[in-house]
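The values are calculated or read from the model by the stated rules, or taken from the named source; none is laboratory data. This is a predicted model, so every value here is computed, not measured. Heads up, the Cβs are rebuilt from the backbone with ideal geometry, glycines too, and the neighbour counts pull from every protein chain shown. All accessible areas refer to the heavy atoms of the entire protein, side chains included, with ligands and DNA or RNA removed. Shrake-Rupley method; radii C 1.70, N 1.55, O 1.52, S 1.80 Å.
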Amino acid sequence: MEILAAIAGKLAEFTVEPIGHQVGYLAHYKSNHQKLQTKLKELIAVRDGVQHKVDHVEREGKRVEATVLNWKARVNAIITEAEEFLKDGRHAQTECLHGFCPHLVLRYRLSRKSTKLAEEIDELDQKKEFPNFAYDVTPQEVFLVSTGHYSTFDSRNSIVMRVMEELRNPNTEMILVWGIGGVGKTTLVEEVLRKAEDNNLFDDVVMVRDVKENPDLEKIQKEIATKLGMSINENQTLAERAPSLCTRIKEKRTLVVLDDVWEKIDLVAVGLPRLVTCKVVLTSRSRKELSLDMRTQIDISLDVLNEEEAWNLFEKMAGDVVKDSRIRSVAIEVAKKCGSLPVLIVTVARALKDTNNIRAWRDTLRRLGGFDNKELTEKAYLALEWSYDQLEDKELKPLFLLCGIIVVKNHIYLADLLKYGFVLGLIKNVYTIEEARDALDPLVKKLKDSCLLLDSDINMHVRMHDLVCEVAAWIASRKHHVLSVGCGGELKEWPEKDFFKRCGTMSLKSSNIPMLSQLSGECQKIEMFYLYNKGVASVEIPANFFSEMEKLKVLGLTEVDMVSLPPSLQLLKNVQTLCLEDCELEDVALVGYLSKLEILSFARSNIRQLPEEIGELIRLRWLDLSDCVKLKVISPGVISRLERLEDLSLRNVFLKWEAEKAGSNASLLELKDLSQLTALEIYIEDANIIPSYLFSSRLVRYQIYIGDVWKRYGWEKTSTMAETTLNTLKLKLAPNDELDHGIKTLLKRSEDLSLDGTESVKSILHQLDVEDFQQLIHLRLQNNVDFTYIINRKVVFPNLTTLSICSCDHLSFLFSFSMAKNLVELKHLEVSSCEIMEEIVSVRDQSNGENIDIMFCKLESLILDKLPNITRFCTEFSPVTKFDTELGASIFDPTSSKKLDVENGTAVRACLFDAQVKFPSLERLEIDGLGKLHTLWNNKFADQDSFCQLKKVKVSYCNSLKKIFLASVARRLQKLHSLDVQNCDEVEEIIAGEQGLETEPPHFVFPKVTHVRFFNLPKLSRFYPGIIASKWPLLKQLTIHGCGKVKMFAAELPISSERHEPNPLIEQSLFLIDKDSFPNLEDLELQVAGEIWYGPSSSPAHFFPKLKTICFYKWAAFSKQAAIHFLEKLPNLEEITVGWDDVSTEIFVNEEINGGEVIHAVKTLRVRFMYNLLQLGNGNSQTAGPLFPNLVTLEVVGCDMLKSVESSAAISFRNLTTLRVVCCDGLEYLTSYSVAKSLMQLTTLHVSFCKSLRAIIGASNEDDHDTGATCEIAFTRLQHLTLHMLPSLQGFCSGNCIVKLPSSTELHVSNCPIELKISSEGVLLSNPKPERVEIAKPEIAEEVDDNGDGEKEKDEDVGTSRQDIEDRQE
C-alpha cells in the first residue's frame, strides 16, 4: 500500500498540479489581463525615469553603461509586445455569457500569454537598479584639434619625421627632444602628437606640460590618469595609484609626452615602467639621461631656424609692413639679430607689427645690435627685455611683471591678476571692480599681441612661455627688487639685509626655502607677499611673521594648511587684498580685524562657516567664496553689513538660505541691502523663498541658478556652476510665482539662458519683446516651456550659437521658416523628448512662389533624440501644396509619416533631409528614437556641399528606417571618424543600392574612420547590395553584434572574370573587401550566423594584417572549423574572447578540428557568459598539440555550469601567468592537483562571486596520487592572490595538500568564511571565520558595451558591480 500511495502521490504531482495551473489560466483570465495592464504602466514609468537619467548623463558628455542600454532595449521590446498584445482584437471573443465560454482555447492562450508577459515585466523591474550607470569619456588634448598656429619649415619637418620613425620603432622606449629655451620644442612635439593621432600610431596620447625641476610626481601621475579617463582616488598615495596606471597603459598603446623636464624623473614611481605598449617623449633644454630606470633614450637635437626660415617666420608675424621697400632691408637685418630663435622672432616681429615708421625700425636694429657678442641664452633674455621695453602703455609693464610674480606652472589665473592688480593700482583710472575687470581684458590682449602672454587650454587662464617667465622674474628682481622663487625652485639662504630694505614684493612658490622665522623684522618694506605651497612639504608660517609688515597691501596664501591663522595677521592694518585659497582652514575670525580689506577670497578652501566677525569688513568690495563646497553657514547679518560689496561669488556654494532674517543662516533678504552690488554668482534651490525684487537692475555680471533641477550630484564629476564669462540664468520658479522686474531684466540681459517650464515662466515669456533675445548665445528650454509665441512673433536670435529643446510635448514643429532663416550663428542644435513634434522647420507661413531654401551655414552638431512622430526636418514645399490660413494647419496628416501628393492622390514617404535644407559645416549627427522615420535622404538629394564635414554619425532606435545612407551621400563622407548604427529593427543595408548605371568608382573609401559599430540590427544583411569593395584605411575597431541575418562577415572581392558569376558566399557577406580594405583593423567583435571569411585566392593575413583582438558573440552559431582556420592565419592576433552563448557545452571541440592547428600568437583567452559550458575543451581528445600553446592570461566569467577550470587538449596552462574566474556558480573547485602543479608561471590568481566553490584546488579522477597522502604544490611566482565573495569556501585545498607561496605574495581575502596567511616557512595557512558570509551575486552585463561612439569597454566589465570586481582583481 505504501508503494501504491507513493505512486499515486507522484501521479498527482505530475498531473493534478499542472492541470490546476491550466484551469487557473481559464478562471483568472480577467485578473491576469488587468495585472498585465497595471505592471505595464509601472514599467513604462520606470523606463521613462531611467531615460531621464540617461538624457542627463549624455548631456554631460558621459556614456551610458551597456547594462543600462541592454536593459532599456529589453524593456522597450517587452513594452511593444505587451501593448500590441493588449490591443489584440481577439480579447473581445473571450467573454463568457451565463457561464458559457465559446472560445476556451483562445481564453486559455491569452490568459497564459498575459501571465508570461507579466512575469517578464517583473523580472525586468527587479533589474532596474544599476550600480554603475555611466562612465566618463577620455578627454582629448585641446591642441590635437587645432593646427592653425604651427608653421611648417624643412628643418622642423625632418625632425618631426625622425621622431615619428622612432615612435614606429618597436625597440625605442624613450625619445628626448632637446634644445635651447625658445627654440620651439613644445610646438614641435605638439605637431608630433597630432601626426601620431592622425596616423593611428597610438590609442591614447597624453601631454604633461611644464614639468621643470623637482618634478611633482603625484601631479604628473594625476594629470596622466585624468587625461586617460581614469578616476582619481585622492585617498591613495603615489605608490598605490601607480599599479592602476600601469595596468591602464598595458592595455592600450600609449604615448606620454613630458614637456620641459630639467632633471631625472622616476617614471616607474609614476606608473610608467618599461612597457612595449608605452613610449615616452621628453623635451629638455639640455642633453642628459632623464630616466632613473636607465631605459633606452634616443636623443634628438632641435637647432635654431636657418636664415631663410627665420625670415619667413618674421615676415609672417610682422605683417605686410615688411613689403614696403623702405622698411624691408632694415626688417631683414632686425630678423637676423633675433638669432634665428623662434620665440625671439615672434616676440620682436609682433612688437613691430604694422609699424610703418622707418625710424622705429632703425632704432630697433640699433638696440638689438648691442647684443651681437652675447651667448644665445643671454641674447634671448636681452631681446625679450627689449620687447618688454617696447610696451608703450604705462599699465602693461607692471602688469606683465605681476604675471611673472604670480605665474604657477606657466599659467596665470585671470581672477588672481585682477585681485592683486586692482589693489596695487596697476589698472589705472578705474574706481570699481567691474571697471577694473573691463579694463583688464584689453590689457591682457595687448600682452598676447606682443607674444608675452599666450592662450591657455585651461578656462579663465593665460599662459607664459617658460623663457618669458624667467625674463619677467629677472627684470622684476633686477629693476624692482622683487624676490621670486619659482615652482620647484630653490633658495638656500635669504638675501642680505640690505636687499630687504628695498624689497617691496616677495613671491615664494616652493618649499625649498629657508625657514620663514629667519625673516622676522626684515620685511618692513614689503607691499605684496605671495606664498604658493601646492604639492610640496608644508611651509610653516610663524605666529609673529606678519608683526612688522606694516606696509603690506596684498597677501596671498595658496594651498597652505593652517589649523588657525597666525595671530600677527590681525596687525595688518593696511592690507587691502587677502586671498586664502585652496587652504585647510577652520577658524577665520581673525580676518575681521583687517579693517581696510577690500578684496577677500576663500575660494576653494574648506571653511564650513563664515563667522560674524567678517561683517566688520565694511570696506569690503569683493567677497569670493566660490567652490567652498563645505560651507554650510554664513552667520546671519554678515552679508547685509557689507554695504560696499560690489562682487559676491557663491558659485557652487549650496546654502540652505533662510526666508527671513531671524534664522540661523543667512537670508536672501540680506542681498537687498547691497546697494553697490554689480556682480553675483549664487545658487538658490528653493524658489519659494525668493523675496520680491531681490535682483537689482544694477547687476551687470551674474550667474544665477534658481530651482532644484540644475544641481549636479556627487557621482557627477563636473560642477553645477562652471566658471564662465557669460551672464547666465537658469530658472525654475514655483508655480504661480509673480515674476518681478528684476528677473525680467536678468532675462533680457542673459547670454546663457535655461528655462524649466512652469506657468510663471510662460507668463514672463509673453511679456518680453521681440528684441529681448538679441544677446542670447546659449538657450535651453525644458519641460514644456511655451515656445510657440516665439515662433508666432518671429523672434530673431542673431547671436544664438547653442539651442537645446527637451520635453516640450506641445510643439508640433520648432522653427518657422523665417525664424530658421535668421539663425545665422547657430552651431549646436539638440531636440529631445518632444512627443508630438513632426518637423523641425515649418514653411507653412510662406507663400507659394517664395524660395524656401534654408542654409544652416555654421551648424556643427545636430542631435534629434526621442521624437517619435518626426519624419522630416523641414516641410517639403512644392507649388501644388495647399495650406490653410491658420499657422500649423496643413495637408500633412499629423499621425502619418506620409505626404499626400495633391495631383495624384498617392502617398509618398517623407525623408528627413532633402535639398531644401543645407548643412555645409555639420560635423556631428545623432538621430535616436525617431520611430516613424523611413528615410534619411531622398533619392533626389543633390546638394554637394551638405554633410561633407561629418565626423560622427550615430543612428539608433529608428525602427522604421531601412537604409542609412544614399550612395551619393556616403561617398562624400571623407572626414567621417565614427559610424554607429544600433537598435534599428528594420535596417537592411547601410548604404542603399544605386538606381541606374554606376557613374562613380566601384568602391567606397572612408579615409578617416577609426570606429564602426553595427549593434542589434536584426535585419541587416549587407553593407551595400552591389559588387563593390569598401576601404577603411584607418579603421581600428569594428563591432558587428546582434545582426542575425549576417551570414558572413567578409568576402574577398571577386576578380573581374568572376564579377558576373553569382556566388552565394559573396552575396551573403556583409562586406566585400580587398587587401587594402582593413589595413589597420586591430579590434574585431563579431556575431554572424555562419562563416567569418570567404577568400578563394588569399589568406586572411593579407586582408587583416594588424588584427590583434577578436571577440565572438553567440559562439554556437559559428563554424568552428572555419573559425579556427581563420584565427591561425592571423600573425598578430593576441587576444580572443568567446561567449554570450547558452547553447555550447564546449568551446574548442577537437573533433571539429582536423588536427595540427596551432594559434601561436594568442596570449589571452577570455570566456564570457557561456551558461551551459561544461568544460573549456574536450579533454579526452588526442591531438598533435594544444591549440593555444602560449596562453598567458585566461579569464572565465559567468559560466554557471562549469565544474572546474581544467586543462584540455585545446588549452595549455604551462605558460599561464594570470587566471581570473568570476561568477561561475557551478564551480566546486577551480583546478585539480595535477593542473595546479603545472601552473609554475602563475603570478595573479583572482576568484570571486562563485557561490558553490569549496576549494581552489581539489582532487579529480585524473589525479594519480593517493588523496589521503600529503602532497605539496608550490606557486613560486605568485604575486597577487584575490578571493572575494566565496560563501562556500572551506579551504584553499581539499585533502592533505601543502601550498607554498612566496612571502611577498599579496593576499586579498574578503567576504569569505576563511582567512589566509603565509607562515614564515612560506606555507599558506587557512583558518575558518566564525561569521557566516552572505553573498549578493552581481547582476552581470550580458551584451556588448553600448557606448555610442563605436568604442567598446575593455575587459574590466564583468558585471554591473564590475568596477569593484576589477579593483580587487588589480
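Restricting to region 27-44, give me the number of residues that are farther than 16 Å from residue 110 by Cα and open to solvent by 30 Å² or more (accessible area, probe 1.4 Å).
Within region 27-44, residues that are farther than 16 Å from residue 110 by Cα and open to solvent by 30 Å² or more (accessible area, probe 1.4 Å) number 5.
Quick check on my filter: what residues within region 166-183 are assigned to a loop (DSSP other than H, G, I, E, B) and modelled with pLDDT of 85 or more?
Looking only at region 166-183, we keep the residues that are assigned to a loop (DSSP other than H, G, I, E, B), and these are 169-173, 179-183.
Matches in region 166-183: 169, 172, 173.
Among the residues of region 249-257, are any surrounded by fewer than 17 Cβ atoms within 10 Å (Cβ to Cβ), of a type in the set (S, T, N, Q) and not in a helix (DSSP H, G or I)? Spell out how you get there, then give the answer.
Going residue by residue through region 249-257, those that are surrounded by fewer than 17 Cβ atoms within 10 Å (Cβ to Cβ) are 250-252.
Add one more test, that the residue is of a type in the set (S, T, N, Q), and what stays is none.
Scanning region 249-257, I find no residue that is surrounded by fewer than 17 Cβ atoms within 10 Å (Cβ to Cβ), of a type in the set (S, T, N, Q) and not in a helix (DSSP H, G or I), so the answer is no.
Among the residues of region 666-696 satisfying the criterion of being open to solvent by less than 40 Å² (accessible area, probe 1.4 Å) and of a type in the set (Ser, Thr, Tyr), which is modelled with the lowest pLDDT?
For region 666-696, the residue satisfying everything is 696.
In region 207-242, what residues are part of a helix (DSSP H, G or I), surrounded by 14 or more Cβ atoms within 10 Å (Cβ to Cβ) and either within 18 Å of the chain's Cα centre (by Cα) or not aliphatic (A, V, I, L, M) (or both)?
Going through region 207-242, the residues part of a helix (DSSP H, G or I) turn out to be 217-227, 238-242.
Those left that are additionally surrounded by 14 or more Cβ atoms within 10 Å (Cβ to Cβ): 217-227, 238, 241-242.
Scanning region 207-242 gives 218, 219, 221, 222, 223, 224, 225, 226, 227, 241.
Quick check on region 1253-1273: of everything there that is of a type in the set (Gly, Ala, Ser) and at pLDDT below 90, which residue is surrounded by the fewest Cβ atoms within 10 Å (Cβ to Cβ)?
Quick first cut of region 1253-1273, residues of a type in the set (Gly, Ala, Ser) only: 1255, 1258-1260, 1268-1269.
In the following step, the residues that additionally are at pLDDT below 90 were identified as 1258-1260, 1268-1269.
Values: 1258: 24, 1259: 19, 1260: 15, 1268: 7, 1269: 9.
By that ranking, first place goes to 1268.
Any residue that is within 23 Å of residue 453 (Cα to Cα) and open to solvent by less than 10 Å² (accessible area, probe 1.4 Å) - is there at least one of those in region 286-297? I'd like the intermediate steps shown before the answer.
Restricting attention to region 286-297, the residues satisfying the condition of being within 23 Å of residue 453 (Cα to Cα) are none.
Among the residues of region 286-297, not one is within 23 Å of residue 453 (Cα to Cα) and open to solvent by less than 10 Å² (accessible area, probe 1.4 Å), which makes the answer no.
Specify the residue that is nearest to the chain's Cα centre (by Cα); the eligible residues are those in region 603-617 that are assigned to a loop (DSSP other than H, G, I, E, B) and of a type outside the set (A, V, I, L, M). Spell out how you get there, then give the answer.
Keep residues of region 603-617 that are assigned to a loop (DSSP other than H, G, I, E, B), which gives 603-608, 611, 617.
Now drop any that are not of a type outside the set (A, V, I, L, M), which leaves 604-606, 608, 611.
On the way: 604: 24, 605: 27, 606: 28, 608: 32, 611: 40 Å.
Only one residue tops the list, namely 604.
Please verify whether residue 105 is under 25 Å from residue 1017 (Cβ atoms), assigned to a helix (DSSP H, G or I), modelled with pLDDT of 65 or more and not basic (Lys, Arg), treating the condition exactly as stated. Walk me through how you get there before you give the answer.
Details: under 25 Å from residue 1017 (Cβ atoms): no; assigned to a helix (DSSP H, G or I): yes; modelled with pLDDT of 65 or more: yes; not basic (Lys, Arg): yes.
So residue 105 fails the test.
Does at least one position in region 1278-1288 carry a residue that is surrounded by fewer than 18 Cβ atoms within 10 Å (Cβ to Cβ), in contact with a strand residue (DSSP E or B) (Cβ under 8 Å, 6 or more places away or on another chain) and modelled with pLDDT under 85?
Within region 1278-1288 (the criterion being surrounded by fewer than 18 Cβ atoms within 10 Å (Cβ to Cβ), in contact with a strand residue (DSSP E or B) (Cβ under 8 Å, 6 or more places away or on another chain) and modelled with pLDDT under 85), the answer is no, since none of the residues qualifies.
Identify, please: which residue in region 471-520 is assigned to a helix (DSSP H, G or I), in contact (Cβ under 8 Å) with a residue 40 or more places away in the chain and open to solvent by 40 Å² or more (accessible area, probe 1.4 Å) and is, among those, nearest to residue 264 (Cα to Cα)? Reasoning before the result, please.
Of region 471-520, the ones assigned to a helix (DSSP H, G or I) are 471-480, 497-502, 516-519.
Cutting the leftovers down to in contact (Cβ under 8 Å) with a residue 40 or more places away in the chain gives us 471-476, 480.
Filter again for open to solvent by 40 Å² or more (accessible area, probe 1.4 Å), leaving 474, 480.
Numbers: 474: 26, 480: 34 Å.
In this case the residue turns out to be 474.
So which residues in region 932-959 are open to solvent by less than 30 Å² (accessible area, probe 1.4 Å) and in a loop (DSSP other than H, G, I, E, B), if there are any at all?
Matches in region 932-959: 933, 941, 943, 946, 947, 950, 958.
May I ask you to say which residue of 600, 620, 590 is in contact with an Asp or Glu (Cβ under 9 Å, 6 or more places away or on another chain), aliphatic (A, V, I, L, M), buried (at least 23 other Cβ atoms within 10 Å of the Cβ) and outside any strand (DSSP E or B)?
Values: 600 fails: outside any strand (DSSP E or B); 590 fails: buried (at least 23 other Cβ atoms within 10 Å of the Cβ).
Of the residues listed, the single one that is in contact with an Asp or Glu (Cβ under 9 Å, 6 or more places away or on another chain), aliphatic (A, V, I, L, M), buried (at least 23 other Cβ atoms within 10 Å of the Cβ) and outside any strand (DSSP E or B) is 620.
Rundown of residues vs (1) buried (at least 19 other Cβ atoms within 10 Å of the Cβ); (2) in contact (Cβ under 8 Å) with a residue 40 or more places away in the chain; (3) within 30 Å of residue 220 (Cβ to Cβ), yes/no style:
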position	(1), (2), (3)
556	yes, yes, yes
560	yes, no, yes
565	yes, no, no
569	yes, no, no
573	no, no, no
577	yes, yes, no
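Limited to region 715-741, what total is found for residues that are out of contact with any helix residue (DSSP H, G or I) (no Cβ under 9 Å at 6 or more places or on another chain) and at pLDDT below 70?
Of the residues in region 715-741, 4 are out of contact with any helix residue (DSSP H, G or I) (no Cβ under 9 Å at 6 or more places or on another chain) and at pLDDT below 70.
Out of the residues in region 1178-1210 that are more than 24 Å from residue 1106 (Cα to Cα), within 40 Å of the chain's Cα centre (by Cα) and modelled with pLDDT under 85, state the one that is most open to solvent (accessible area, probe 1.4 Å).
By that ranking, first place goes to 1204.
Select from region 226-251 the residues that are touching a residue at least 40 places away in the same chain (Cβ under 8 Å) and in contact with a Lys or Arg (Cβ under 8 Å, 6 or more places away or on another chain) and write down the one among them that is nearest to residue 194 (Cα to Cα).
My answer is 228.
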